[in-house]
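A short worksheet on the structure shown next.
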Amino acid sequence: MQLAGLGPKGSDLKNRVSVMAVVNRTPDSFHDRGSTFALDSAVRSALRAIDLGADWVDIGGVPFGRGPAVCTSEEIDRVIPVVRTVAEARPEAVISVDTYRADVARAAIEAGASVINDTSGLRDPDMAGVIADGGAHAVLCHSAGRPREEKPAAHYDDVVDEVRTCLMRQMRAAEGAGIPTERLIIDPGHDLDKNTLHSLELTRRLAELTDLGPPLLVAVSNKDFIGESIDRPTGQRLAGSLAAMTACVLAGARIVRMHDVAETIDAVRMTEAILGLREPARLEHNTHPTHNV
């Protein structure tokens, strides 16, 4: 059972589904191909996502996949101006920063971020302490290593069991460093050092992770396991992304990291209504004696 209580900035991570919009200030993101690399484009994308209804924005300066190295100072230069501008313009929004470096996390928290989304799983020895000292929430994610690194072909005897064990180990490390349990979020890491069969198995058995306690985040949008499952290239995976996301929400996910905000909002609101987490926006159909349809 997931923890009761509030998430960053009072967000309800038990009875609502928070939509996290993706903002990549990178020239080589697998999905947007650098369309939000320019500072003004990244800021516009973040503000538009919030105006469309996104509860959170996740700002990143280094893609997870293989590619040229990005030094710490360059990552800070990419990310912090976006964080600072969005925090000032939309103080109600939850700002997350996707980084595996403690120095970037520290600067991001000082600039207004309230969540650090570390896809490396706290591999920087200073990361947990920085998050604890900054009072931020931590996304603990399963992967086999840091972004940009070349890794061997994925192999797991039982991917769900190994992800669960890894997340439990990260939770103990985070709590030991002073991050309260109520500020932890877990992410099974779809496609991160996993093949399509692994990501499908994680999706199918996602409910097995909800009893770890922290709210569950999923990042499935436009990923390769969707493209391979339905035979669609990048740019044609929206329907598959929404289907995978909905399956995850039905299994207990309460934060969804997605690219296409407007379509995601509709799918999330419908799923919340089905689950009884949110009342319909209006009630008109067959509520009046003259309505016979």
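Bear in mind these aren't lab numbers, they're just calculated from the coordinates by the rules spelled out. On a predicted model such as this, the values are computed, not experimentally measured, just so you know. Reconstructed Cβ throughout: ideal geometry from the backbone, glycine too, with neighbour counts over all protein chains shown.
General remarks:
- Dipole of segment 17-217 computed with +1 at Lys/Arg Cβ and -1 at Asp/Glu Cβ about the Cα centre; of Leu212, Thr181, Val159, farthest Cα towards the positive end is Val159.
- Contact order relative to length of the chain, as percent, for alpha carbon pairs under 8 angstrom and 6 or more apart: 19 percent
- Charge dipole magnitude, Cβ of K and R +1, D and E -1 - segment 17-217, Cα centre, debye nearest 20: 240 debye
- Note on the chain: helix-only mean residue ellipticity at 222 nm, from DSSP H runs of 4+ residues weighted -39500 (n - 2.57) and normalised by residue number, equals -12000 deg cm²/dmol.
- Considering only beta bridges that DSSP places wholly inside the chain, some 5 percent are antiparallel.
- Total lysine pairs in the chain at Cα distances under 28 Å, for residues eight or more apart or on different chains: 5.
- Modelled label reach - Glu92, point 7 Å along Cα→Cβ, segment 39-67 residues with backbone N closer than 19 Å: 44-58
- Residue order for Ser120, Ser41, fewest other beta carbons within 10 angstrom first, comes to Ser41, Ser120.
- Ordering of 283-289, 267-273, 10-16, 188-194 by burial proxy (mean other Cβ atoms within 10 Å per residue, highest first): 188-194, 267-273, 10-16, 283-289
- Segment 240-286 versus segment 119-195: alpha-carbon centroid distance in Å: 26 Å
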